[in-house]
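Readers should treat all values here as calculations from the given coordinates under stated rules, not as data from a laboratory. Treat the numbers as computed from the prediction; the structure is a model and nothing was measured.
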């Protein structure tokens, strides 16, 4: 019936209605074979323009949807690259006599993955460490290893290697600095464990105590403590106090 849109039952569904609308947009409003009047020609031109505008609008919607989808795929899934700076962990250091702090003592990780995962990762979730179990006294250049939670890739570690200086350990006898004619009978401890750089041990063959004189003696004993050369440290601070037995 002319250009009227017949109402279909609801059961026809959106697809059927869309097909009917497309037919109306494409179909002439007059029977085939009859010449168009000037008014009918204007109506058909208007319908063609309206049909073209609908197609252009649908194309824009499709382009916008594609752009949004690509943005989510790119920005929200895999291409976010973020850097995080972490303190350097030392693993396997239990058996080392001592060491100077690594140089540098923190590293930067370049991470790639979903932005929401990287930003949600806490410092406890990210790790950068060196394995010092095989380090030897002196300067050691060690590779930095790193780990991140599942879904996050560690792309790069900077710097990739650090310097760790392991200190030497030596057991040195305790030499009491007795004054005022004090006769030393015993020393406890007789030796202490000392750590330091190799150059700090030059000329050192014993660890001396603070001066001890007769005035410090009580009950046949005097208490003092060891004094270390700069650059040397006791491995065990419990060995700092020395008990001197006197005659």
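Overall form of region 168-246: prolate. Here a/c, set by the Cα gyration tensor axes a ≥ b ≥ c, is 1.5 or more, and a/b is the larger of a/b and b/c.
What are the semi-axes of the equivalent ellipsoid for region 87-242, taken as the square roots of 5 times the Cα gyration tensor eigenvalues, largest first, in whole Å? The partial results should precede the final answer.
Details: eigenvalues 471, 49, 21 Å².
Taking √(5λ) for each eigenvalue gives 49, 16, 10 Å, largest first.
May I ask for the distance between the Cα centers of region 201-247 and region 112-126, given as a whole number of Å? After rounding, the separation between the Cα centres reads 52 Å.
At the listed q of 0.13, 0.25 Å⁻¹, the Debye profile of region 81-166, built from one uniform point per Cα, gives log10 I(q)/I(0) equal to -0.43, -1.14.
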